[in-house]
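Scroll down for the structure; my scribbles are underneath it.
Derivation of every value follows stated rules applied to the coordinates shown; laboratory data play no part. Quantities reported herein were computed from a predicted structural model and do not represent experimental measurements. Here the Cβ is made from the backbone with ideal geometry for all residues, glycine too, and neighbour counts use every protein chain on show.
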């Protein structure tokens, strides 16, 4: 049951991902990305990672993509829609993607951990407290450094957008 | 066994074995889970749809009462059949799509407005248990976060409706709505953190269980272990009160009450209700994002809005008002009657909150847009963060 759902949602996710790349209208692309995020959350649920799934929906689909959509609507982008597909670019892109996939699969197969079944990390009912303990206990310093980094980035964005106003 | 033998006479052996295997499938753990879940979902949907139509009726009657009018009182006794008439009218209207609208997103948006509030209902514990079946459709270990995540997704229906209508008033409504919902989601989520710190769990069922033992979140000093027996013995009751009221319990009430106020007011903004109904302010934007909709498209927005209101009231009930519990009322493990009483208690609390929603709508005038944004970002956000620190200080440094 869980495995079937996993494959259904992961194939849906890839389908929506293709939609993001191939569709012309920016709004459709954004909506495909949202759907793909929600499918990713569903994949996390089939892997018993409820907290990650919810955070995925809350942050990526609920906050970040709403802002994206908001900006796309305000800018009313039209240029994307009349751009033509060039054959050379298409071929080059396909070659790059395919070689990356081949490289990735070879790297995974050659690694010793690939053939082993992945051990169950924790009971699904405790993932919130486990993540909390890991973040604030084992990795407290890196976590705080990342927090400071985010703060710096925010201040930087405010500063940059102010300069353009003047 | 006699009964099954008796029934098996009426079927051919092949058909009977099929029926038997179907029955076994029904009673196997997975099968049982599936059909009870389907039954619970159907039950909840029926209750909610009924509640939605009568909330609309109540909105009109209560507003009439507040404004010293009569309101709809012609269809049926006291106008009680008005929702049926409204539904028939909406179904029979022409479902019109403007020529310049983006057809796909225009049609999708009205459906997207209806889905998220219904999804929220899936994790609310709307009763204790009935015949041993817990009255929650899905008891998720991150239930409270799930509610927040789904309500953050509900912006999409409104934004897409505003954009795809290709008309200026809906567009302004959609833009206003998305910025408003993003702003108030912050205080909505942050205001709940003191509760999570106190309970130590995000599971809505466990939050309700905590409130049964320690008292509701808006008044967290309940006599501990109070029952009918302790009521008859004043000394035991006094002892129970003393056990329930430590210094920490009294102090933690302050951040919890601030949380309650923040959450309640943010809920008004999140459901686009007056005093924060800028996205559909009639005097400025005609109807806001649903201006161009008619018939079922409009009805779906309307249903979605009221379902969101009911879901919001359900969340407030679950988190702050003790969910389905009432002091001295036993839970569903004492018999199906008490299970039904618990469900009734939950919906009674929801109805009280819905009444407050309506009452506020017809009492308080609309905020100006800059006032709304200032309230959200300059006041609620800071207050919610300070509240978290206050709760953390009390929980860490004051003795139990």
Item checked: the stretch B:175-218: mean projected area of Cα convex hull, nm² -> 3.7
Note to self: If packing is taken as the average count of other Cβ atoms within 10 Å, what order do A:144-154, B:151-161 fall into, highest mean first?
What the structure shows: B:151-161, A:144-154
Check: In whole Å, what three semi-axes, largest first, describe the equivalent ellipsoid of the stretch B:254-400 built from its Cα gyration tensor (square root of 5 times each eigenvalue)?
Finding: 32, 26, 11
Checklist line | Tensor-based shape of the stretch B:1-49 (alpha-carbon gyration tensor, a/c under 1.5 rounded, otherwise prolate or oblate) | finding: prolate
Next item on the list: In square nanometres and to one decimal, what's the mean projected area of the convex hull around the Cα atoms of the stretch B:75-116?
Entry: 4.3
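Taking Rh as the Kirkwood radius, which is the inverse of the mean 1/r over Cα pairs, what is the Rg/Rh value for the stretch A:23-71?
Rg/Rh: 1.05.
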Note to self: Counting only other chains, and only Cβ atoms inside 10 Å, what mean value do you get across the residues of B:180-186?
What the structure shows: 2
Item checked: Where only alpha carbons of the stretch B:75-211 are counted, the Rg and the Dmax (Å) -> 19.7, 55
Check: Counting other C-beta atoms within 10 Å, which of B:266, B:17, B:183, B:63 has the fewest, and how do the rest follow?
Finding: B:17, B:63, B:183, B:266
Next item on the list: Evaluate the Debye formula for the stretch B:125-200 with equal point scatterers sitting on the alpha carbons, no solvent, and hand back log10 of I(q)/I(0) at q = 0.12, 0.13, 0.22 Å⁻¹, in q order, two decimals.
Entry: -0.53, -0.59, -0.97
Check: By count of other Cβ within 10 Å, fewest leading, how are B:277, A:127, B:370 ordered?
Finding: B:370, A:127, B:277
Check: In which sequence would B:213, B:52 go, from the one with the fewest C-beta neighbours within 10 Å to the one with the most?
Finding: B:213, B:52
Note to self: Over all directions, the average projected area of the alpha-carbon convex hull for the stretch B:1-157 comes to how many nm²?
What the structure shows: 17.3
Note to self: Out of all Cα-Cα pairs in chain B, roughly what percent, to the nearest whole number, are more than 30 Å apart?
What the structure shows: 50
Notebook entry, point to check: Cα convex hull of the stretch A:1-83: how many Å³ per residue?
Noted result: 62
Checklist line | Calculated log₁₀ intensity ratio I(q)/I(0) where the Debye formula runs over C-alpha points of the protein assembly as shown, q = 0.07, 0.12 Å⁻¹ | finding: -0.52, -1.41
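Could you work out [θ]222 nm for the protein assembly as shown from helices alone, using -39500 (n - 2.57) per DSSP H run of at least four and dividing by all its residues? Round to the nearest 500 deg cm²/dmol.
-22500 deg cm²/dmol
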Checklist line | Compactness of the stretch A:127-166 as Cα Rg over 2.2 N^0.38 Å, two decimals | finding: 1.74
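List the relative contact order of chain B as a percent without decimals, with contacts defined as Cα pairs under 8 Å and 6+ residues apart. Don't skip to the answer; put the middle values down first.
Values: 570 pairs, mean separation 90.3, N = 400.
With pairs under 8 Å counted, the relative contact order is 23 percent.
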